[in-house]
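Chemist: Once you've had a glance at the structure underneath, I'll fire off some questions.
What follows draws every value from the coordinates through simple rules; no lab data is involved. Everything numeric in this text was worked out from a predicted model, so none of it was measured. Note: ideal-geometry Cβ built from the backbone for every residue, glycine included; neighbour counts use all protein chains shown.
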Amino acid sequence: MKIKKQNPIEWLFEPLYELDFFSRRKMFGCEAGYLNGRLSLFLCPCDGEEPWNGIMVATEREYHEELMKKWPELAPHSILGKWLYLSQNHPEFESIAPRIIAAAIKGDARIGVEPKPKKKSKKKAEIESKKKSRTKIVRRKNPK
């Protein structure tokens, strides 16, 4: 039996568990947190390797400057530059990360992005296309 390794910073999501507008999913080996259906926070695996060792804040680029003024410890993620990142190795991580999460809970509109709709797989699209082409149009003769 394989033992599931728990993320050591999962405690950051604890204040969110009681909220009816919070959900989470595994995504790219991280824990994605959704608030009101918006992808808001990512807990990275925290295996000690940067840049996947902390929390990412999903946001639009237009809000980077404002959020980095509020929390100067945030920086654009080196790979996913559209999001902001706080490394677990930062000396203030344990005090800053909960404040970011509290702002997200309070509805800070700068935190969170609308998830893109899922694309249909090619196979599903082909099946739907075949079904449409098989549909027969039945024409009735007009009674005279």
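Chemist: Looking at the stretch 36-92 only, could you name the residues that are of a type in the set (Gly, Ala, Ser), touching a helix residue (DSSP H, G or I) at 6+ places or on another chain (Cβ under 9 Å) and closer than 16 Å to Asn7 by Cβ? It would help to see each step written out before you state the result.
Modeler: Going through the stretch 36-92, the residues of a type in the set (Gly, Ala, Ser) turn out to be 37, 40, 48, 54, 58, 75, 78, 81, 87.
Then keep just the ones that are touching a helix residue (DSSP H, G or I) at 6+ places or on another chain (Cβ under 9 Å); that gives 40, 54, 75, 81, 87.
Across the stretch 36-92, the qualifying residues are Gly54, Ser87.
Chemist: Mind listing just one residue for me: the one in the stretch 19-32 that is closer than 15 Å to Asp108 by Cβ and free of Cβ contacts under 8 Å to residues at least 60 places away in the same chain and, of those, surrounded by the most Cβ atoms within 10 Å (Cβ to Cβ)?
Modeler: Pass one, the stretch 19-32, residues closer than 15 Å to Asp108 by Cβ: 19, 21-22.
Retained after the next criterion (residues that are free of Cβ contacts under 8 Å to residues at least 60 places away in the same chain): 21-22.
On the way: Phe21: 12, Phe22: 18.
The extreme case among them is Phe22.
Chemist: Could you grab me the full set of residues in the stretch 79-92 that are surrounded by 14 or more Cβ atoms within 10 Å (Cβ to Cβ) and without any contact (Cβ under 8 Å) to a residue 60 or more places away in the chain? Explain how you work it out, then say what you get.
Modeler: Taking the stretch 79-92 and keeping what is surrounded by 14 or more Cβ atoms within 10 Å (Cβ to Cβ), we get 80, 83-88, 90.
Those that are surrounded by 14 or more Cβ atoms within 10 Å (Cβ to Cβ) and without any contact (Cβ under 8 Å) to a residue 60 or more places away in the chain: Leu80, Trp83, Leu84, Tyr85, Leu86, Ser87, His90.
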